[in-house]
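Have a look at the structure below before the remarks.
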Amino acid sequence: MHAADDDALLGAMAAGDQEAAARFVRRHQRQVYGLAFSVTGDGATAEDVAQEAFTRAWRHAASFDPRRASATTWLLTITRNLAIDAVRVRRSDPADPAALAALLGAADVPGPAELAEAGTDRRTLIEALSRLPVEQRRALVLATIGGRTSEEVSAAEGIPLGTAKTRIRAALHRLRIDLAQPLIDEVDGASRGVEEGR
Amino acid sequence: MSPPLTCEDARQLLPDLALGVLSGEQRAEVLDHLGGCTACEAETSELAATADELLKLTPRVDPPAGFESAVLARLAVPPPEPARWRRSRVLIAAAAAAVVVIGAVAGLFLTTREHEPAIDDRYVTTIQTLGGRDLRAAALVSGTAHWGQAFVFEGKTSWVFVSMSWDVPDGVYRVMLDRSDGPSLMVTRLRLFRGQGSAGMAVGDTRTVTAVRVLDPSGRTLCMARMPRPV
């Protein structure tokens, strides 16, 4: 239901509906700002990035294709790319790993409102992530939500570059297989499951 | 020019590519490899999809007071038309030779206005070396949306260069030239990953080019740059 609402909002935004844009911003601003802050580690830069992300979403709402990704994923991917650019261009220091770890820790215990909002999708991700070896999990979180390169993960974790790459790659592969499994089970069992996350 | 990557080399870089943090030069090398390797391309797509899913775990943080109204104020303003395309990764990813030329010629025009003789001389020398007779540039647009930039250079070697950025589905696109003296001409393919990519191609005569178009995989015109008349 939530995803369908987002699709409808983006459709209205593509037609220039500013009220739809306002609802879209209200719905996603905490997550967009949170991601921008996770990558940049700086409040002012994160605010710039988050504002620009919504501006891009507004301008390019017509290009959003719900068959390719959810609106949330689309918006967060835009945010993440902008945040990575901001860190690179402004040469500001990326977020401190400890702060990232703390942020991830906070994400592990979402409040009732967040659980209701994100539903099983988010819980499934958290569970899949928690099944990774801790060193792979750290490397992957730094590389995804933290927007770090392999070199930066290597430096932050004090491990050789090759090890950092191996950890990120292994974690991504393992997570991909893990996340694919529930969908297969649900498709086999009933027609209900896949649509739930849409 | 470094040798093409093997699958083994490329696979070391696929996670960074999927995560969008690969450096420009390596990114270009890997994308070149993906163009001829469906296995690595499929792996990249799967890795990218998994990485994107993880973004949903982003912790929610309250933005500063006034954030919402600031965003809405920006949305109320019509989008500016001037080039807002992303400099960093787009330019880094561009084909090195073409960027050198573009930078040189663009620099010529910019610095000419600023009257810095020493720099002007350097660019003039560069242009003379290239036999440059004309350089035209125009934004690739669709409606009011700015998708990228197209360059057309007429010189000893004449070429067309296209750079695209942002919010276009991944895939292989085609770059088409509209000409005043004949039918449209497909000059090169443009591979986009994460909505970004660039491509250049030497062509015979660019002075008859009236527009540069980018076609999506179905053949539909995605965006167009109407080129100014040649000098």
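The values are calculated or read from the model by the stated rules, or taken from the named source; none is laboratory data. All of these numbers come straight from a predicted model, not from anything done at the bench. In this analysis, Cβ positions are derived from the backbone assuming ideal geometry, glycine residues included, and neighbour counts consider all displayed protein chains.
Would you mind listing the strands (runs of 3 or more DSSP E) fully within the range B:122-168 where at least 3 residues are within 14 Å of chain A (Cβ to nearest Cβ)? Break it down into steps so the answer makes sense when it comes.
Working: elements: B:134-142, B:145-154, B:158-165.
Result: B:134-142, B:145-154.
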**Request:** Pick out the one residue from A:48, A:65 that is surrounded by fewer than 21 Cβ atoms within 10 Å (Cβ to Cβ), part of a helix (DSSP H, G or I) and either of a type outside the set (D, E, K, R) or at negative phi (or both).
**Result:** A:48
**Residue list for the range B:188-221, filter: part of a strand (DSSP E or B) and buried (at least 20 other Cβ atoms within 10 Å of the Cβ)** = B:190, B:192, B:193, B:196, B:197, B:198, B:199, B:200, B:209, B:212, B:213, B:214
**Message:** Condition (residue is modelled with pLDDT of 90 or more and in a helix (DSSP H, G or I)) applied to the range A:79-88: is it met by at least one residue?
**Reply:** yes
**Residues that are of a type in the set (A, V, I, L, M) and within 16 Å of the chain's Cα centre (by Cα), drawn from the range B:180-201** = B:187, B:190, B:192, B:199, B:201
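Residue-by-condition table, conditions (1) within 7 Å of chain A (Cβ to nearest Cβ); (2) buried (at least 23 other Cβ atoms within 10 Å of the Cβ); (3) closer than 30 Å to residue A:123 by Cβ:
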{"position": "B:21", "(1), (2), (3)": "yes, yes, yes"}
{"position": "B:27", "(1), (2), (3)": "no, no, no"}
{"position": "B:33", "(1), (2), (3)": "no, no, no"}
{"position": "B:36", "(1), (2), (3)": "no, no, no"}
{"position": "B:44", "(1), (2), (3)": "no, yes, yes"}
{"position": "B:58", "(1), (2), (3)": "yes, yes, yes"}
{"position": "B:65", "(1), (2), (3)": "no, no, no"}
{"position": "B:70", "(1), (2), (3)": "yes, no, no"}
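Identify, from the list B:51, B:18, B:39, the residue that is out of contact with any strand residue (DSSP E or B) (no Cβ under 6 Å at 6 or more places or on another chain) and over 24 Å from residue A:66 (Cβ atoms). Steps first, answer last, please.
Values: B:51 fails: over 24 Å from residue A:66 (Cβ atoms); B:18 fails: over 24 Å from residue A:66 (Cβ atoms).
The conditions single out B:39.
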**Prompt:** Of the conditions (1) more than 8 Å from chain B (Cβ to nearest Cβ); (2) in a helix (DSSP H, G or I); (3) not hydroxyl-bearing (Ser, Thr, Tyr), residue A:58 fails just one. Which one is it?
**Reply:** (1)
**Complete:** Selection from the range B:222-231 of residues surrounded by 16 or more Cβ atoms within 10 Å (Cβ to Cβ) and outside any loop (DSSP other than H, G, I, E, B) yields B:222, B:223, B:224, B:225
**Message:** Would you confirm, using the coordinates I've provided, whether residue A:42 is in the same structural domain as residue A:75 (by TED's automatic domain parsing) and over 18 Å from residue A:80 (Cβ atoms)?
**Reply:** no
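Looking for whichever is farther than 30 Å from residue A:16 by Cα and not assigned by TED's automatic domain parsing to the domain that holds residue B:30 here; the options are B:135, B:140. Which one fits?
Testing whether each residue is farther than 30 Å from residue A:16 by Cα and not assigned by TED's automatic domain parsing to the domain that holds residue B:30 leaves just B:135.
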**Asked** Which residues, counting only those in the range A:132-170, are more than 9 Å from every other protein chain (Cβ to nearest Cβ), part of a helix (DSSP H, G or I) and either crowded, with 24+ Cβ neighbours inside 10 Å or in contact with a Cys (Cβ under 8 Å, 6 or more places away or on another chain) (or both)?
**Response** A:139, A:142, A:153, A:164, A:167
**Item:** Candidate set from the range A:29-41 (those that are out of contact with any Phe, Trp or Tyr (no Cβ under 8 Å at 6 or more places or on another chain) and surrounded by fewer than 23 Cβ atoms within 10 Å (Cβ to Cβ)); member that is nearest to the other protein chains (Cβ to nearest Cβ)
**Value:** A:30
